[in-house]
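The values are calculated or read from the model by the stated rules, or taken from the named source; none is laboratory data. Being a predicted model, the structure only gives us computed values, none of them experimental. Methodologically, a virtual Cβ is constructed for each residue, glycine included, from the backbone with ideal geometry; neighbour enumeration extends over all protein chains shown.
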């Protein structure tokens with residue numbers, strides 16, 4: 001098989017490493033990739049936001065499967081454009097990717113299908129949002145509706161923090177992502193990440209992890225896309241996995257199918273494990289970063305076989321095997337992250353690290 005992997009992060013490096021180990025693989029390309037991925041795949045200078053260019057490359061190189069790493073291209077509809085040209089792709093349609101692309105869409109789906117989640121309000125103007133916050137009180141959670149690279153969420157412990165977060169959303173700090181906001185009840189409990197491979201009909205549990213989002217030691221500082229993760233998540237017992245599937249994942253799969261947007265790809269549920277059971281915080285429609293890194297390290301099976309099964313609607317006949325050991329990763333980020341990172345710093349010692357030194 002010829003495979004094209006889209007993306008450039010640590011998540012995509014982990015996917016490339018695992019795909020490269022598959023006996024099914026003939027040639028792996030990555031666009032745009034990164035120097036680490038270059039050890040596993042041929043890097044391609046391709047603008048992944050240019051869907052026509054991606055499609056043309058797939059035609060030229062006779063690509064058998066496109067694996068989409070980041071959320072941006074999915075929300076922009078790259079899977080639809082590839083499928084329209086009969087190119088196989090692992091990832092949801094634009095309509096199905098709204099589970100990540102619009103937090104308000106997901107909250108409304110939860111309300112419609114009785115999926116346990118935090119109470120919420122959706123607002124497209126600042127005055128109404130502030131009135132809701134004043135009425136509800138703190139602590140409270142403010143979320144930009146759209147994609148904000150994991151940085152559009154504020155857990156406000158005071159009313160003044162909540163008001164400032166609303167001001168930031170509506171003054172354009174998050175661009176179009178903040179044109180609408182979701183204001184949520186503050187939930188208490190332990191967070192966990194739960195993954196499923198989906199083929200439009202079947203959802204196959206695909207591991208658990210916990211990531212740690214605050215930038216500073218001791219869980220301090222602003223939230224990031226994730227500074228480290230481990231798998232499995234100890235809190236996710238077999239009973240909780242079963243409840244999550246029954247109460248959250250399966251109703252979501254049914255709901256999306258009924259809405260005419262059956263979900264295929266990776267469904268990543270961010271969960272709050274409360275004293276009443278699992279509640280949905282939010283959905284992502286791709287592998288987590290850095291969670292993907294620890295999942296791939298533990299996965300015993302051929303990833304390409306599993307991605308093919310999801311793409312071809314064959315997950316009902318598929319199982320997944322995991323190593324018993326735990327896996328852990330720590331993220332090295334540029335100075336200044338997540339605010340204004342300093343770019344261009346040299347990363348030293350990569351060869352020693354890769355060699356276990």
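Suppose the filter is part of a loop (DSSP other than H, G, I, E, B) and either outside the structural domain of residue 199 (by TED's automatic domain parsing) or crowded, with 16+ Cβ neighbours inside 10 Å (or both); does residue 261 pass it?
yes
For residue 82, are the conditions met, namely being assigned to a helix (DSSP H, G or I), outside the structural domain of residue 270 (by TED's automatic domain parsing) and under 17 Å from the mean Cα position of the chain (by Cα)?
no
For the stretch 190-229, name all the residues that are without any contact (Cβ under 8 Å) to a residue 40 or more places away in the chain and within 17 Å of residue 246 (Cβ to Cβ).
Of everything in the stretch 190-229, just one residue is without any contact (Cβ under 8 Å) to a residue 40 or more places away in the chain and within 17 Å of residue 246 (Cβ to Cβ), namely 208.
Against the definition (more than 18 Å from residue 199 (Cα to Cα), crowded, with 18+ Cβ neighbours inside 10 Å and at pLDDT 95 or above), how does residue 104 come out, yes or no?
yes
In this structure, does residue 56 turn out to be more than 28 Å from residue 346 (Cβ to Cβ), at pLDDT 95 or above and out of contact with any helix residue (DSSP H, G or I) (no Cβ under 8 Å at 6 or more places or on another chain)?
yes
Check off (1) under 24 Å from residue 152 (Cβ atoms); (2) modelled with pLDDT of 95 or more for residue 308 and give me the number that stays unchecked.
(1)
Among 201, 154, 208, 158, which is the only one that is modelled with pLDDT of 95 or more and not assigned by TED's automatic domain parsing to the domain that holds residue 330?
Criteria check complete, one pass: 158.
When residues of the stretch 9-34 are filtered for being part of a loop (DSSP other than H, G, I, E, B), within 23 Å of residue 346 (Cα to Cα) and in contact (Cβ under 8 Å) with a residue 60 or more places away in the chain, how many remain?
Residues that pass the stated criteria total 1.
Does residue 199 qualify as being closer than 26 Å to residue 232 by Cβ and crowded, with 20+ Cβ neighbours inside 10 Å? Steps first, answer last, please.
Numbers: closer than 26 Å to residue 232 by Cβ: yes; crowded, with 20+ Cβ neighbours inside 10 Å: yes.
Yes, satisfied.
Out of the stretch 68-109, which residues are farther than 13 Å from residue 48 by Cβ, out of contact with any helix residue (DSSP H, G or I) (no Cβ under 6 Å at 6 or more places or on another chain) and without any contact (Cβ under 8 Å) to a residue 40 or more places away in the chain?
Selection gives 80, 83, 84, 86, 108.
Limited to the stretch 115-140, what total is found for residues that are buried (at least 17 other Cβ atoms within 10 Å of the Cβ) and in contact (Cβ under 8 Å) with a residue 60 or more places away in the chain?
Total meeting the criteria: 8.
Is it fair to say residue 235 is part of a loop (DSSP other than H, G, I, E, B) and more than 18 Å from the chain's Cα centre (by Cα)?
Taking the combined requirement at face value, the residue satisfies it.
Name the residue, out of 273, 281, that is in contact with a helix residue (DSSP H, G or I) (Cβ under 7 Å, 6 or more places away or on another chain), touching a residue at least 40 places away in the same chain (Cβ under 8 Å), at negative phi and assigned by TED's automatic domain parsing to the domain that holds residue 196.
Details: 281 fails: in contact with a helix residue (DSSP H, G or I) (Cβ under 7 Å, 6 or more places away or on another chain).
After applying the criteria, what remains is 273.
In the set 310, 326, 316, which member is within 26 Å of residue 191 (Cα to Cα) and not assigned by TED's automatic domain parsing to the domain that holds residue 20? Working first, answer last.
On the way: 310 fails: within 26 Å of residue 191 (Cα to Cα); 316 fails: within 26 Å of residue 191 (Cα to Cα).
Checking each option against the conditions leaves just 326.
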